[in-house]
Amino acid sequence: MNRTAFLILAGVYYIVTIIVIIVVLAMLNKKEKNKLKLEITELEKEKNLIISASMLSELNKVEALVNNDEMKQKYADWQERFHHIRDVDMPKLADSINEIDELFELGDFKELKGLVLKTDFEVNSLKTKADFLLEEIKEITLSEERNRETITKLKADYRGITGEYNDHLEEYEIVKVPIELQFENVDKLFTAFESAMEQNAYTEVGKIVKAIDDIISNLKVVIEETRPIVALGKNLIPKKILDIEAIVEKMTKDGYNLDYLNIKYNIEEANKKMQDIFQRLNVLNLEDSLFELKTMHDYFDSLYNDFDKEKISKRLFEDLAKNVLGKITRLEKINNQLYKKLGDIKYSYDLSDDEVAVIMELKDEISSIHNSFDKIIDVSRSHVLAYSKLAREMEVVSSKLQKTEEKLNAALRTLGSLKEDELRAREQLDEIKKILSQSKEKIRTYKLPVVPKNYYVELAEAMEAINEMIRELDKRPISIKTLNMRVDTARDLVLKVYNTINETIKTARMAETAIVYGNRYKIMNKEVEFGLIKAENLFYKGNFKNSLENAINAINIVEPGIHKRLLDEYK
């Protein structure tokens, strides 16, 4: 490409780029202009909605309701605020929007954006101001309908309350005077409501409605809770208290100590609390009264469980005491007998100092537990502790005695097993010798071409282990730990010989069977013949495992799967 063509191409690219930029900027400018136009339209719409027809309508309704100085003053204030919005604020807002229109036509978008934001804020502020005025006016224009609806509901609730009261007059006798006084107050307030509505005294009406609502709400609680309060405070709880006092008196005579329950103090506190509850009930103050009475009732109910617990604890204590005493007596007897035989046991067996000392420790432990048991029995006879406490103390003693019994049984097992281990070792010696003899006989019975060398090594080791076991049995005192180790070693080595012989004979039989079976294929296949000859040579050298492998591999050439069938046949 020559220089002239390059310059022409560069110029074309430059011109196209400029055109693209101009088009993009024009599109962005148009988009921004459309956006601003929509915002201006929205502002105009919002401005026109500020003063609605409902505001004028509501003001006209108020004019018809003005019949006292208070209403006159409110009406005048609302009119003044309405005129200020309509005649002062709205024209200013209209001027701002007109200015926005002019700037839009001139294309002064930079200044236009700031003015749009400011005008939007002014529109929202003025709309809030107008809405607030409308709500204030509606508080009066809608108050009659709203208050009538509320009063109708309150009268229905009031009829329900008076009906419930009249249906159960006897149960409300305790609060008859304050309740009927409240009824009179409600009737007076209903009359005052009607009078205020006739006079259009709407500010007073709200106060009267609230007063009626408060009294009826309180009366509803009084009617709902007085009957259960009276039932609990005058009937259920006093009867429970009398019953509990009778039970406490009887159980105390029977030797139970119930001081830890603080029943007398709690009854006194309950009576004080009930007296306070009924004093407050006379002025219709029921705050937390029902909850407190239910809590008292639950507490006195729980005492029956405590009484049952004490009775169960007494039986448990007596059973434990009987069981512990019997066990202590038995353990003392066993330990004393064991202590007397300790000299003979030490001569016959190699005991450590710890194994001997445990017998003295057990004697001290049993003596200490016996002393603790005697102290608890003395306390139980004096009736200064509850049986639930005594039972826990006796359980501790029983637990300690259980651990001591386990230690004594372990000592008895250890010492008693010494003689058993010696006798068992002598029995196992005979059994080991018998197994070894059977192993020798077996290898002589099955005439192997060659006896494996490892058989003689294992046999020598087994014989030496048996001799060590015999020497240990002849010692005095005997170390049972060493003896058991000698027994285990001798048994393991003899079983090793036994298993070696079994495995060798088994493998030799399988190899011999395979060779005999494979001879039928010798004339059919040279490879089979070669493999079987090799297997026979290995067999006579005593290499039975390799002999078996060669025989099976050879037969497998002409009869695949022979290995499994030979195994099945052998089994």
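The values are calculated or read from the model by the stated rules, or taken from the named source; none is laboratory data. If you're wondering where the values come from, they're calculated on a predicted model, not measured in any experiment. All Cβ positions, glycine included, derive from the backbone under ideal geometry; neighbour counts span all protein chains shown. Surface areas here come from the heavy atoms of the whole protein model, side chains and all, with no ligands, DNA or RNA. Shrake-Rupley method; radii C 1.70, N 1.55, O 1.52, S 1.80 Å.
Top to bottom by accessible area (1.4 Å), largest first, where do Lys314, Lys272, Lys447 land?
On the way: Lys314 45, Lys272 120, Lys447 180 Å².
So, going from the largest accessible area down, we get Lys447, Lys272, Lys314.
If I compute solvent accessible area with a 1.4 Å probe over the protein chains, what percent of it on the range 252-342 is carbon and sulfur? So the carbon and sulfur contribution to the accessible surface is 51 percent. Accessible surface area normalised per residue over the range 421-549 is 60 Å², counting heavy atoms of protein chains with a 1.4 Å rolling probe.
Per-residue SASA remark: Phe121, around 140 Å² accessible (1.4 Å probe; ligands, DNA and RNA not included). Note on Phe132: accessible area is roughly 130 Å² with a 1.4 Å probe, heavy atoms of protein only. Shape summary: the range 380-472 maps onto an equivalent ellipsoid whose semi-axes, from the alpha-carbon gyration tensor, are 62, 13, 10 Å in decreasing order.
Solvent-accessible area assigned to carbon and sulfur over the range 435-571 amounts to 53 percent, based on a 1.4 Å probe. Loop-located GluC sites (Glu not before Pro) in the range 189-293 (DSSP state other than H, G, I, E, B) with a sparse environment of at most 16 neighbouring Cβ atoms within 10 Å: Glu287. Pairs over the 31 Å Cα-Cα cut-off, from the set Lys311/Lys407; Lys541/Lys564; Lys375/Lys407; Lys407/Lys434: Lys311/Lys407; Lys407/Lys434.
Any chance you could run the full-extension gain for Glu173 through Leu495? It's 0.36 nm times the residue separation minus the Cα-Cα distance, nm to one decimal. Please list the in-between numbers first.
Numbers: separation 322, 0.36 × 322 = 115.92 nm, distance 10.05 nm.
Contour length minus the Cα-Cα distance gives 105.9 nm.
Measuring r between the beta carbons of Arg426 and Ser399 and using R0 = 60 Å, the FRET efficiency lands at 0.90. Label-to-label distance for Lys207 and Ile312 is 6.4 nm, based on points extended 7 Å past Cα in the beta-carbon direction. Projecting label points 7 angstrom from Cα along Cα→Cβ for Gln275 and Asp298 puts them 2.6 nm apart. For the range 261-272, putting each phi into the Karplus relation 6.51 cos²θ - 1.76 cosθ + 1.60 with θ = phi - 60° gives couplings of 7, 6, 5, 4, 5, 5, 5, 4, 5, 5, 4, 5 Hz, in residue order, rounded to whole numbers and with x for Gly and Pro.
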